[in-house]
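These notes are about the structure you will find just below.
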Amino acid sequence: MTADLRDDLDWLHARLDEIEAIGTRHLVDQARKSAAGMLGSDGRSADLSELSLDEIRTILKSVTIRFHLRNKAEQVHIARVNRRREQHATDAHPRAESIAEAIHQLRERGVTLEQLTHAIRALDIQPTLTAHPTESRRRSVIGKQARVASILAVKNAAETTPREQRDARSAARQTLSLLLATDEIRARRLEVIDEVRNGVHYLAGSIWDAVPRVLTDLADAIDEYYGTRPDLPAFLRYRSWIGGDRDGNPRVTAALTERTLGEMRAAALRQHTQTLTQLTRELSLSDRRVPTDPDLLASIEVGQRERPLDDELVRHLAHEPFRVKIQQMLACLKSEQYTAQQFRDDLSVLEGALRHAGLTEVAERGAFATAVLQARTFGFHLATLDLRQHSRVHEAVVAELLAYAGVTNEYATMPVADRIQMLERELASPRPLLPPDAVVSPEATELLASLRVVAKASRIEPESIGSYIVSMASDPSDLLEVLVLLRETGLWTNGTRARRAAVDVAPLFETVDDLERGADVLKQLLTSDAYRTYLEARGGFQEVMLGYSDSNKDGGYWAANWRLHVAQDQIARVCRDAGVSLRFFHGRGGTVARGGGRAHRAILASPPASRNGRIRFTEQGEVISFRYAMPAIAHRHLEQITNAMLLAAAPAAPTPTDDPADELMEEIASVSRAAYRELIDDPALWPWFVERSPVLHIGALPIASRPVSRSSSTLDFPNLRAIPWVFAWTQMRYN
């Protein structure tokens, strides 16, 4: 541990000691000695068997806070170390894993500006927030811990007065007192809308600020090493499953999805309104001081015809056309007819006017440039919403629809090949299966209602809707069934005059067997006339999601990770040979046991065939709160991802040959999977696991809206979700 980190920890512990009672400190000291097997002054180890329940709770609360203080101090230290490394970086030796380092390396490889620009325009990085319950802390607790980081920043400032240091100590004691008085766990289970608002909190907070900084870093680096400043696309955008992931979560309804879209739109509009208000104060340019772009005046004139401002306001701003235009934009943000593209166009007019006035640096850097990048990145939707549902639900609903329409009553029992033929015939016809007044089962009603909500949103704001993820996809019919449902709800039209596909349909290969079959499933789909027609409507683009958590649960750590690696290579080759553009969506968990780890290294270790500049990956629970609670950590995370994607996808990157160790890896994966399944399939394991592990307690914790099991009636190994499975194992310390 470095001296700086030790100093921060000692300082925080001293503040905690100042507010904790002497008795509490004694109990904690006893517990520490007992856990370490230490001897007291009488030569005996501390005995905790006589403690009351209240005393145990006191110990746990104090120890928990000390753990959290250590974690927060380490985050602050990470930011400090990165800052110091940046201070000592040079043009010849940029900071490791920074964007500047990536551009420097590419120039050293001989990559031309044209090649680099082409690679950047192909970049597509989309972190995806999910509501997976891996964060047990309440937001009120996380907020107080973030306050601790801010207090440490004051305490460590280079020049502070005695008064400021005294205030910092007081603020620390106040925050820690509030933490001691706050319950760690919620009194009630989270509702889905609570999870939505948690996601919005980060999207409209640290993420909103971090993304433009990363894009600016890239523009600065290209300017530094190539001598030009390009206009960069919004290659870093966010997705969310929160409010759209209904796989095994009956609480995610059509109404909730609609509410989610509304919450994210409202947050984006609030942020843009705040930005424009700030720009009103900043862009005080007078037409008596600088030349005015005729395009700006023309735009103002059009705006006055369509949505006139108050005459008194216009007279007040008579010589300040930038402020007039911004006031028009603020008024437009209150209208539902004003689109994100119109907003971006208006910002483009202002940008041109700044350049016309000779204020190029104002246009390229600073508050205005940040506003442009935020508009390109977040639009009016904040984050693109995905939907996810289990393949068995689609199968049941499609079977019901086919029976209702008199097509067949035997769909559920058909062999897969016969199902595919029937679905192909159905998709060749534009007719729906249900009349408008059809009455179907609650499950079918809810699914179709959700898709209609998405169809409506896609017409109003196309960027607000992303992919439809098919959980446990194992054969081509699992995706063709979704196409039938999309056709039924207007998300897919295949008429002779017009075709429209509003979402990407993405299979999620989750088990080891499904990962092994993934390339074959995709190959069959790409020979399907119906599916190829759909892909053409989506620009020949296919997204494939890979499940890390469930494959680890299904086959064990080694087998799952090797199969994920092989699947990426095989699927990428299938798509390449078929002329289909591919993006992998990595369902990486936070912990190593669920596929987590350093994303930067994972990207650079991916198979060469899969490195095309496009990537999605999930971020959830404690990963979100760790990466986005502090602006400096958020920026570091995103620059590491961008660094790796640039190096992996840019031309002239070294291409590894086939590794001779592949056969050995395959053998080890096979042996390890057999050993793992021998344990998992032992009839005695599940009763022992339920009895000896905290899995039932974990399932009862009010930390998420999603049930612990995919089945509402059965808690068994196949239905148990991967998160409580890993949680329970790690809590038992049986690793």
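Of all GluC sites (Glu not before Pro) in the range 371-450, which ones are in loop regions per DSSP and have a Cβ with at most 14 other Cβ atoms within 10 Å?
E410
Under a plain spin-label model, where a point goes 7 Å from the Cα along Cα-to-Cβ, how far apart in nm are R25 and V302?
7.0
Efficiency by 1/(1 + (r/R0)^6): what FRET value for L333 and T533, r their Cβ-Cβ distance, R0 = 41 Å, to the nearest 0.05?
In this case the efficiency is close to 0.60.
Rounded to a whole number, what % of the accessible area of the chain do carbon and sulfur atoms account for, probe 1.4 Å?
52
State in Å² the accessible area per residue of the chain; use a 1.4 Å probe, count heavy atoms of protein chains only, and round to the nearest integer.
Per residue, the chain has 45 Å² of solvent-accessible surface.
Let me know the charge dipole size of the chain about its Cα centre in debye, to the nearest 20, where only the beta-carbon of Lys, Arg (+1) and Asp, Glu (-1) is charged.
The calculated dipole for the chain is roughly 1620 debye.
Would you mind getting me the FRET efficiency between H118 and D513? Use the beta-carbon distance for r and R0 = 41 Å, nearest 0.05.
0.60
Which entry is the computed Rg and Dmax of the Cα atoms in Å for this structure: (i) 30.0, 96; (ii) 28.2, 91; (iii) 31.3, 100?
The value matching this structure is (ii).
Determine which aspartates and glutamates satisfy two conditions relative to K325: a Cα distance under 17 Å, and not lying fewer than 8 residues away in the same chain.
E282, D287, D293, D295, E301, E306, D310, D311, E312, D345, D346, E351
Just to be sure I understand the model, the point goes 7 Å from the Cα along the line to the Cβ. What's the resulting M414 to D287 distance in nm?
6.8
Efficiency by 1/(1 + (r/R0)^6): what FRET value for E74 and L604, r their Cβ-Cβ distance, R0 = 30 Å, to the nearest 0.05?
For R0 = 30 Å, the calculated efficiency reads 0.75.
Roughly what would the spin-label model give for D662 and R163, points 7 Å off Cα along C-beta, in nm?
7.0
Gain in length, D231 to A266, computed as 0.36 nm per residue apart minus the alpha-carbon separation, to one decimal in nm?
9.8 nm
The values are calculated or read from the model by the stated rules, or taken from the named source; none is laboratory data. Model, not experiment: these values are computed from the prediction. Using ideal geometry, Cβ is built from the backbone for each residue, glycine included, and neighbour counts are taken over all protein chains shown. Heavy atoms of the whole protein, side chains included, go into the accessibility calculation; ligands, DNA and RNA do not. Shrake-Rupley method; radii C 1.70, N 1.55, O 1.52, S 1.80 Å.
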